[in-house]
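Accompanying notes for the structure given below.
A short reminder: the numbers here are calculations on the coordinates, not readings from a lab. Note that the structure is a prediction, hence the values are computed from the model and not measured. Virtual Cβ from ideal backbone geometry, glycine too; neighbours counted across all protein chains shown.
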Amino acid sequence: MPRAGADSARSDDPTELLLWALMAKFERLALERYGLHAPGLATVDKRRFVERLLALGADESALGGSALAEPVKALLARAQSADEVAVLMVQGLILEHLGQAIYRIATATDSASASMRELAAAGLAASVSVTAAASARIAVRVGTGEPLYAVFVDHSHELIGALDALAEPVDQIFGERFGLRFADIMGEFVAELITACTALGMQRRKAVAHLAGAAMGL
Amino acid sequence: MSRNGTQSGAILVTGGSGFLGSLVAASALAETDAIVVLPIREPHTRDGVLAPIVAELAAEGRRVGADDLARVVTLPLPALDRIEDLLPKLRELGVRDILHCAGCLSYFNVGRLQSGNLDLTQAFLTLGKALAVRRFVYLSTAYSAGFTDQPIPEALHQNPGSDPTDYTRTKRDAEWMVAESGLPYVIVRPSIVIGDSRDGRYGGKPYGIYQLWTAGERYLSAGFPPVLHVVAGDKPVNFIHQDAFRVGFWAAYQTLPDGAVLHLASHEHELPTMRSLWELWLSTNGGPREVHFFDRLEDVPTDGIAPQIRMWLDFTSVNNAIASVRWNFVLDGLDALRRAGLEMTDASLATVAVAQHRFVAESPKLQLFIDRYRAAGAVKPRFVVRSVAAARGVPAGAP
């Protein structure tokens with residue numbers, strides 16, 4: 001049985017640990033980038049969640065030896081945001097919503113352990129705290145509507161294009177084990193991201209058309 | 001068109017690293033003995049640009065030798081504010097015609113559209129004037145008219161009430177730029193280009209019907225809900241096969257008078273509708289138990305729709321909106337070319353099926369899905385047309 005506290009999320013399931021090793025890479029990068037360029041996004045919930053993830057001690061070598069390694073490397077390379085605007089768009093808006101999609105599905109996955117579902121719920125809550133702060137800051141720092149759309153397009157095109165290479169390994173590894181399939185993740189992710197974009201004043205059909213093109217490598 | 005080795009001077013083709021530009025470059029190599037100049041930008045390379053051109057000619061059974069490849073001159077395309085740096089080399093090569101096929105196909109990225117469709121066109125018009133070219137051919141789009149319920153003339157368009165995308169607006173603006181340049185010009189407006197009518201080969205990115213097929217491959221091939229909601233109208237969708245595009249473009253370049261505008265599109269009578277295209281796809285490749293057709297995305301009941309289905313509907317929504325209205329292209333110019341001997345195949349459901357078959361055959365993911373679908377003994381879906389009223393409750397075709 002899982003123990004209480006930070007270790008309660010520990011599972012010996014190798015596929016679950018692989019998922020957390022994967023998420024830890026992106027969560028750690030996000031927190032680091034927030035600390036450097038957008039301190040308002042390093043929320044208490046996010047910092048606590050990243051501490052919990054790192055405390056799991058998931059073996060990154062398993063991730064490095066999996067079919068996820070290369071597409072994850074390519075995605076990370078496109079996520080090395082170097083200034084506040086890039087961090088707000090890449091981490092605060094796009095990757096946080098991608099994380100929320102993953103956590104939301106994982107939370108509702110019956111075939112996952114209770115500890116995994118609990119940790120996913122914590123990840124979701126932490127991420128929501130960041131996107132709320134990010135949206136407010138984006139409106140101040142970049143603006144809303146058309147000016148924001150142009151910035152969003154520039155920062156999201158290659159990043160979203162790099163997601164497609166994850167489709168097959170995600171389906172093979174997590175789809176078979178948890179029913180966590182790429183198409184499901186993308187469906188949740190795109191729905192949430194579009195909602196966030198329209199809340200920031202972007203035209204829905206423009207945001208959709210851009211995401212469709214980026215996701216299909218156009 | 002017959003090979004023409006009598007003309008002197010080189011032909012400059014822009015957009016050679018893109019799909020339609022590479023087809024035009026292939027025609028230039030095959031139909032003339034001229035030097036073919038291809039300005040290319042990094043990260044494109046000469047080998048990378050030549051590969052699809054050679055492949056296209058090889059698919060036609062034409063051998064491309066070293067002497068042919070030696071006729072292709074690739075030049076680095078400088079920044080637009082330094083475009084005139086190309087002039088000495090272009091003069092040395094004796095460029096006589098510019099076939100401007102480069103452009104930006106983003107639907108709404110205004111910055112890129114300004115740069116790729118307007119600024120770039122202006123830059124090559126500047127070069128054309130400096131070189132005193134004999135012909136400037138501009139590759140536009142049949143949809144540059146914007147939304148209209150009137151016949152769409154082979155003439156420059158005034159601004160319509162609305163445009164499907166910023167792409168169509170910038171293409172229309174670029175047409176005016178070309179027409180007002182003072183250069184002897186021809187404007188060619190293809191409709192939606194799809195694979196070759198004979199073997200289905202397609203070298204383009206997933207635009208048009210390929211966007212729908214690709215979205216289906218990526219987001220629907222893991223399985224279907226029992227009932228799939230599809231936005232698909234009953235208006236003809238105008239496709240032109242890439243082989244028809246090639247011969248039509250070349251005929252326009254070679255034979256039309258200065259100032260001509262040509263719609264390069266298929267005659268309407270045999271064109272498929274979106275509904276017939278989806279029936280073809282889902283009946284052939286497998287699908288849900290029932291398919292409900294809606295005219296507009298707004299009519300689709302979203303409650304209970306899985307997120308990936310909703311995403312698929314969203315991702316295909318702009319193209320579906322374009323396909324939901326009738327585009328009545330005047331085809332007088334193309335008819336005249338046909339009477340003069342141009343041979344091309346109009347698109348029909350049967351010829352689109354050739355392209356679809358090729359697409360499916362080249363997709364391991366779809367092959368796997370089809371195998372599973374057939375092994376499960378699934379039957380063809382039942383297709384139901386739902387009106388706006390029906391979307392509120394009762395399917396129009398329901399028993």
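Determine the sum of side-chain charges near residue A:38: Lys and Arg each +1, Asp and Glu each -1, restricted to other residues whose C-beta is under 12 angstrom from that of residue A:38.
With Lys, Arg at +1 and Asp, Glu at -1, the neighbours total 0.
Please report the relative contact order for chain B, taking Cα pairs under 8 Å with a sequence separation of at least 6, and give it as a percent rounded to a whole number.
Computed value for chain B: 16 percent relative contact order.
For every other residue with a beta carbon closer than 15 angstrom to the beta carbon of residue B:103, add +1 if it is Lys or Arg and -1 if Asp or Glu, then tell me the sum.
Once positives and negatives cancel, what remains is +3.
My understanding is that a pair violates if its Cα-Cα distance is over 20 Å; which of B:205/B:365; A:73/B:205; B:89/B:171; A:25/A:46 do that in this structure?
From B:205/B:365; A:73/B:205; B:89/B:171; A:25/A:46, over 20 Å: A:73/B:205; B:89/B:171.
What is the distance in Å between the Cα centroid of the range B:74-114 and that of the range B:178-249?
25 Å
Modelling each spin label as a point 7 Å along the Cα-to-Cβ direction, I'd like the residue A:195/residue B:353 distance in nm, to one decimal.
4.3 nm
Report the extension gain between residue B:147 and residue B:70 in nm, rounded to one decimal, defined as 0.36 nm multiplied by the number of residues separating them, less their alpha carbon distance.
Net length gain for the segment: 23.2 nm.
What GluC sites (Glu not before Pro) in the range B:46-119 are in a loop by DSSP, with at most 15 other Cβ atoms within 10 Å of the Cβ?
B:60
Once you put a point 7 Å from the Cα of residue A:139 and another 7 Å from the Cα of residue B:289, both along the Cβ direction, what distance in nm separates them?
Placing both labels 7 Å along Cα→Cβ, they lie 4.6 nm apart.
How many Cβ atoms of partner chains, on average, are near each residue of B:202-208 if near means within 10 Å of its Cβ?
2
Counting other C-beta atoms within 10 Å, which of A:15, B:168, B:45, B:32 has the fewest, and how do the rest follow?
Lowest to highest Cβ neighbour count: B:45, A:15, B:32, B:168.
List the aspartates and glutamates whose alpha-carbon lies under 13 Å from that of residue B:129, not counting same-chain residues fewer than 8 positions away?
Candidates past the 8-residue exclusion: B:84, B:97, B:180.
Suppose every Lys and Arg Cβ carries +1 and every Asp and Glu Cβ carries -1, with no other charges. What dipole size does chain A come out with about its Cα centre, to the nearest 20 debye?
Roughly 580 debye for chain A.
Which is farthest toward the positive dipole end of the range A:12-215 among A:62, A:102, A:208, measuring Cα position about the Cα centre, with Cβ charges +1 (Lys, Arg) and -1 (Asp, Glu)?
Value computed over the given set: A:208.
Can you give the extra length, in nm with one decimal, that the chain gains between residue B:91 and residue B:367 once fully stretched, where that is 0.36 nm per residue apart less the Cα-Cα distance?
Length gained between residue B:91 and residue B:367: 94.2 nm.
If you take the beta carbon distance between residue B:46 and residue B:129 as r and set R0 to 25 Å, what does 1/(1 + (r/R0)^6) give as a FRET efficiency, to the nearest 0.05?
Computed FRET efficiency for residue B:46 and residue B:129 comes out at 0.35.
What number comes out for the charge environment of residue B:297, summing +1 per Lys or Arg and -1 per Asp or Glu over other residues with Cβ under 12 Å away?
Combined, the nearby Lys, Arg, Asp and Glu give 0.
Neighbour counts of other C-beta atoms within 10 Å: give me A:88, B:183 arranged from fewest to most.
Least to most surrounded, the residues fall as B:183, A:88.
Can you tell me how much longer the chain between residue B:255 and residue B:201 gets when fully stretched, taken as 0.36 nm per residue apart minus their C-alpha distance, in nm with one decimal?
That works out to 16.7 nm of additional length.
So how far apart, in nm, are the two label points at residue B:179 and residue A:154 if each is 7 Å from Cα heading toward Cβ?
The answer from the label model is 3.4 nm.
So, with +1 on the Cβ of K and R and -1 on the Cβ of D and E, and no other charges, what is the size of the charge dipole of the protein assembly as shown about its Cα centre, to the nearest 20 debye?
240 debye
Relative contact order for the range A:12-215: what is it in percent, counting Cα pairs under 8 Å that are at least 6 residues apart?
For the range A:12-215, the relative contact order is 25 percent.
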